[in-house]
1. (1) at pLDDT below 90; (2) assigned to a helix (DSSP H, G or I); (3) farther than 20 Å from residue 98 by Cβ; (4) within 16 Å of the ligand (Cβ to nearest atom): which one isn't true of residue 39, the others all being true?
2. Among the residues of the stretch 318-332, is there at least one that is surrounded by 15 or more Cβ atoms within 10 Å (Cβ to Cβ), among the hydroxyl-bearing types (Ser, Thr, Tyr), within 24 Å of the chain's Cα centre (by Cα) and closer than 30 Å to residue 154 by Cβ?
3. Against the conditions (1) of a type in the set (Gly, Ala, Ser); (2) touching a Cys at 6+ places or on another chain (Cβ under 8 Å); (3) surrounded by fewer than 22 Cβ atoms within 10 Å (Cβ to Cβ), where does residue 436 fall short? Just the number, please.
4. Run residue 138 past the list (1) surrounded by fewer than 23 Cβ atoms within 10 Å (Cβ to Cβ); (2) closer than 22 Å to residue 189 by Cβ and report the number of the one that doesn't hold.
5. Is it the case, given these coordinates, that residue 132 is within 14 Å of the ligand (Cβ to nearest atom) and over 23 Å from residue 178 (Cα atoms)?
6. Of the conditions (1) within 21 Å of residue 423 (Cα to Cα); (2) touching a Cys at 6+ places or on another chain (Cβ under 7 Å), residue 318 fails just one. Which one is it?
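The values are calculated or read from the model by the stated rules, or taken from the named source; none is laboratory data. Model, not experiment: these values are computed from the prediction. Backbone-built Cβ (ideal geometry, glycine too); neighbour counts: all protein chains shown.
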Amino acid sequence: MNECLPLDRSSKMREIAEVFLKLSSRSASPFFSDKLFYWTMTPTPYEALPLAEPLQRVLRELQYTTPSPIQEQAIPLLLQGRDLLGCAQTGTGKTASFALPILHAFHERPRSTRGKCCRTLILAPTRELAIQIGKSFSTYGKYVKFNQTMVYGGVGQNPQIQAMRSGVDLLVATPGRLLDLIDQKQIDLSQVEFFVLDEVDRMLDMGFLRDVKRIVSMLPQKRQSLFFSATLAPSIVDLATSILQQPAHVSIAPQSTTAENITHKVCFISRDDKKPLLEQLLREQATVTGQSLTIVFSRTKHGANKLAKHLCIAGFPAEAIHGNKSQAQREKALERFKKGLAPVLVATDVAARGVDVKAVGLVVNFDLPNEPEAYVHRIGRTARAGAEGRAVSFCSEDELEYLREIEKTIKMPIEGWEDHSWHSKEVALAHEAAKSRRTPLSTKPKGNPRSGNSNQRHRGRR
Ligand code: AMP
């Protein structure tokens, strides 16, 4: 996958393992330690997995010596042809866990495809994630003969129709554009052998349930289906049950937990003080070797634009990405971010979904998300692939209810961080008081999306 800086993986992994050993002797949480130990020191090497030689070769080149836990569990099951329900959070290496077995099948069982058909269909909630998945297949499939294309909105459809004309091995798509092209009889799903639904929780959050069901109804009965979600709410399990046949279940992290190697804190602060605190954090982060990039989350597109502009003027080159930007603009912004030309990316939830950049050392929630599940995904933009990361959330008085929802979802309180010049005792006390009262908060979110009732979640395009 794309990274900003070159990194010697094996030495990094060793380094992490050593840190773990030190921590565990100082009685670190065994949960934390086990997971880290598993990924860094597990004795099962990649060579032991029955993957075709062209894949083994690329894994050696990438210096992926050991599979991550999800890869170790999922790959053998998928090679046996099982359906899979995977509960894995972001950054766990789940893309390779499905890409490698699919590429293995392309290599072992090459087959010509009919016009407008695809052998594999991967559905992703956003175009960024679709592009990221496509890139991963190109990386892992460097020595495998296969062709792929992508279908997503926000760009002209003619090149996509053209690319599908003689059929492809792999089609990565977002649901809306896929259905558009199916309705225009430009794509035919009757030949799908592998069907992957990635980030299903997000897909449902974005209102794609009906689209997904329609797409599934067009697939052949005989197929292998893979279903990945970071959380397994009952509605997601229901959908999985209707799609999968006797699936194997692989779970890497408990429901709605945050990645283990992320230190995350909350700052109670008045809204007007958020910008100076952000600037201080950015100044500090700029000095962190190899992890100097920061993603700042804004709840609205307008807010993201305004904040990026403010940061540029204040001397922090920043790019904004959100749903109103064209695909070309988003790609350009991401490239500048990855190269460190604009070390700050101000993003809304949807736009940042597939961002996988190892040099992101800090995530700032400038606004708290009004969908609590988004918190897990946001902070998962740091600490990619075993690296360490930091997440700081700004919580002003009008966001206290959002914070409570997040803490309920991740099933733990987020540690307060008071050691900065803009700490607001009033907001911190209001949070404590509300927690101890366990009654509805007197301070409700205001405006839209802070529109009085956080239960009325804002589902507009971001
Ligand atoms: P994912 O969860 O699929 O988005 O992957 C997160 C990151 O982990 C990506 O940057 C991958 O390149 C990296 N990665 C995946 N599998 C491995 C592995 N076995 N060893 C080292 N890095 C990996």
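1. The single condition residue 39 does not satisfy is (3).
2. Scanning the stretch 318-332, I find no residue that is surrounded by 15 or more Cβ atoms within 10 Å (Cβ to Cβ), among the hydroxyl-bearing types (Ser, Thr, Tyr), within 24 Å of the chain's Cα centre (by Cα) and closer than 30 Å to residue 154 by Cβ, so the answer is no.
3. It is condition (2) that residue 436 fails.
4. For residue 138, the failing item is (2).
5. No: the conditions fail for residue 132.
6. (1)
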